[in-house]
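J.: I have a structure I would like to understand better, so I am pasting it below and will then ask my questions one at a time.
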Amino acid sequence: MMRFSMRRMSAIFSKEFKHIFRDPFTLLMALMLPLAIVLILGNSIEFNVKSINMAYHDADRTESSRKLLETFASSNYFRPFSIDNPERGFADIIDERARVMVSVAPDFEKNVLGGGTGHVQVLLDGADNSSVMAVVNYLNTINQKAYLKILDMPQSMVTKSLSFKTRYLFNPELNSRWFSVPGLSAVIIALVAIMLTTLTICREWERGSMEMLLSTPATSLEIILGKVLPYAILSFVGFVLVFVVARVVFGVPFTGHYITLILGTLLFILGYLAIGLFISVSTHKQEVAIQFACIIGLLPTVVLSGFVFPVEYMSRGYQFFSSLFPARFYMDITRDQFLKGSSMVDLWVLFALLGLQALALMAACLVRFKRTLE
């Protein structure tokens, strides 16, 4: 059995780097694609529901009903527009011109000022249930503010049996970009890493250059490391670009430790490079490899990593399945380092799992990699 040779591995590493710089497509995917994705998705992803179109029907037409409308308009959550009758508002919701319809009863001011209950009908578009609860919370807040405004009462005069004072830790402004952009970096790195190894190595199989490499004395481990390490460096450069954009363009704070984030990123990159390499040595065809890369790498990274849907709210079966992918653990590391700043000691379980996954995936590539052309 041949011993591992750093010289042979370095030769493959050098050859791969030269090939990368002669291939503009690879450089474009590794450097420009992460910038394009983070700029486009970073500006488009918004978890806070704002500027909701609201049809407003005022059958009372009094000062109190106008104050209610002013409360809606000044909240920045709603964009009210006047309608002639409630039936028109119902039609606007059906045609998706409005998400909410508010109709004020004729005796609204009389009932409120008389100590009774002012009746307001609210219709919500329940087809998009992802934003319904947010709208309901906005309505509850506006209900209290409008009531105090109509009665010209300060907040201090309202007696309550309980007083809740809420403080948001780590993200005081509830800025959705502070939450989404760090998670988006994991999706981008996974996409770039898996595509780089999958497409590039499959291209060598199709062009026949892999045959010459297999005819050399280099061992399977030397070939795999020599092939993977250049793309690991390139993927890490892509991460640095995404990190700079997150800090400079989107103003995401970073409260953690650079060494902790770098180590977690390197383990994460190695894991996804190994996934791409495993797909490549198993398929040998670019078209088939792209399909497997999307199914195995991209979809679980977006759906099952916690980027959009919290993993802890999934069923136990899906929680276990999501743990098979490195993005599940790296998502927690990168968001923690940007917003919380925990030490590596606090995150040792996540690092251990990422390291075990990277080793297991690399071992699977060694087992799957064949020195024959069959």
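The values are calculated or read from the model by the stated rules, or taken from the named source; none is laboratory data. This is a predicted model, so every value here is computed, not measured. Note that we place each Cβ from the backbone using ideal geometry, even for glycine, and neighbour counts take in every protein chain shown. Ligands, DNA and RNA are stripped out before the accessible areas are found, and what is left, the full protein with its side chains, is counted by its heavy atoms. Shrake-Rupley method; radii C 1.70, N 1.55, O 1.52, S 1.80 Å.
J.: Does Arg316 fit the bill of being of a type in the set (Lys, Arg), open to solvent by 40 Å² or more (accessible area, probe 1.4 Å) and modelled with pLDDT of 90 or more?
T.: In short, no.
J.: Of the residues that make up the range 263-277, is at least one over 30 Å from Leu339 (Cα atoms), of a type in the set (A, V, I, L, M) and assigned to a helix (DSSP H, G or I)?
T.: yes
J.: Taking the range 273-321 as the region of interest, how many residues are more than 21 Å from Ile189 (Cα to Cα) and polar (S, T, N, Q)?
T.: Counting residues in the range 273-321 that are more than 21 Å from Ile189 (Cα to Cα) and polar (S, T, N, Q) gives 4.
J.: What are the residues in the range 95-109 that are surrounded by fewer than 16 Cβ atoms within 10 Å (Cβ to Cβ) and under 23 Å from Lys50 (Cβ atoms), if any?
T.: Asp95, Glu96, Arg97, listed by residue number.
J.: Mind listing whichever residues of the range 55-69 are open to solvent by 30 Å² or more (accessible area, probe 1.4 Å) and touching a residue at least 12 places away in the same chain (Cβ under 8 Å)?
T.: Scanning the range 55-69 gives Ala59, Glu63, Lys67, Leu69.
J.: Taking the range 220-237 as the search range and keeping residues that are open to solvent by 10 Å² or more (accessible area, probe 1.4 Å) and β-branched (Val, Ile, Thr), which one is farthest from Lys18 (Cα to Cα)?
T.: Restricting to residues being open to solvent by 10 Å² or more (accessible area, probe 1.4 Å) and β-branched (Val, Ile, Thr), the top hit is Val237.
J.: Could you check how many residues of the range 338-351 are without any contact (Cβ under 8 Å) to a residue 12 or more places away in the chain and either polar (S, T, N, Q) or within 17 Å of Ser305 (Cα to Cα) (or both)?
T.: Looking only at that region, the number is 1.
J.: Do you know which residues across the range 28-54 are closer than 16 Å to Ile233 by Cα, of a type in the set (A, V, I, L, M) and surrounded by 14 or more Cβ atoms within 10 Å (Cβ to Cβ)?
T.: Met29, Ala30, Leu31, Leu33
J.: Also: For the structure I just gave you, tell me whether Thr260 is more than 17 Å from the chain's Cα centre (by Cα), under 24 Å from Leu347 (Cα atoms) and open to solvent by 30 Å² or more (accessible area, probe 1.4 Å).
T.: The answer is no for Thr260.
J.: For residues that are part of a loop (DSSP other than H, G, I, E, B) and among the aliphatic types (A, V, I, L, M), scanning just the range 121-167, find the one that is modelled with the highest pLDDT.
T.: Among residues in the range 121-167 that are part of a loop (DSSP other than H, G, I, E, B) and among the aliphatic types (A, V, I, L, M), the one modelled with the highest pLDDT is Ala127.
J.: Working only within the range 3-27, note down all residues that are open to solvent by 70 Å² or more (accessible area, probe 1.4 Å), hydrophobic (A, V, I, L, M, F, W, C) and out of contact with any Asp or Glu (no Cβ under 9 Å at 6 or more places or on another chain).
T.: If the condition is that a residue be open to solvent by 70 Å² or more (accessible area, probe 1.4 Å), hydrophobic (A, V, I, L, M, F, W, C) and out of contact with any Asp or Glu (no Cβ under 9 Å at 6 or more places or on another chain), then Phe21, Phe25 are the ones that fit.
J.: Here is a further query. Name the residue, out of Val248, Val240, Val252, Val303, that is at pLDDT 85 or above, open to solvent by 50 Å² or more (accessible area, probe 1.4 Å) and under 18 Å from the mean Cα position of the chain (by Cα).
T.: Residue meeting the stated conditions: Val240.
J.: Just one of the numbered conditions (1) over 30 Å from Arg8 (Cα atoms); (2) modelled with pLDDT of 90 or more is not true of Ile296; which one?
T.: Evaluating Ile296 over (1) over 30 Å from Arg8 (Cα atoms); (2) modelled with pLDDT of 90 or more leaves (2) as the failure.
J.: Scan (1) more than 22 Å from the chain's Cα centre (by Cα); (2) open to solvent by 10 Å² or more (accessible area, probe 1.4 Å) for the single condition Met210 breaks and write down its number.
T.: Just one mismatch for Met210, condition (2).
J.: Hey, another quick one. Is it the case that some residue within the range 25-48 is under 30 Å from Arg177 (Cβ atoms) and more than 32 Å from the chain's Cα centre (by Cα)?
T.: no
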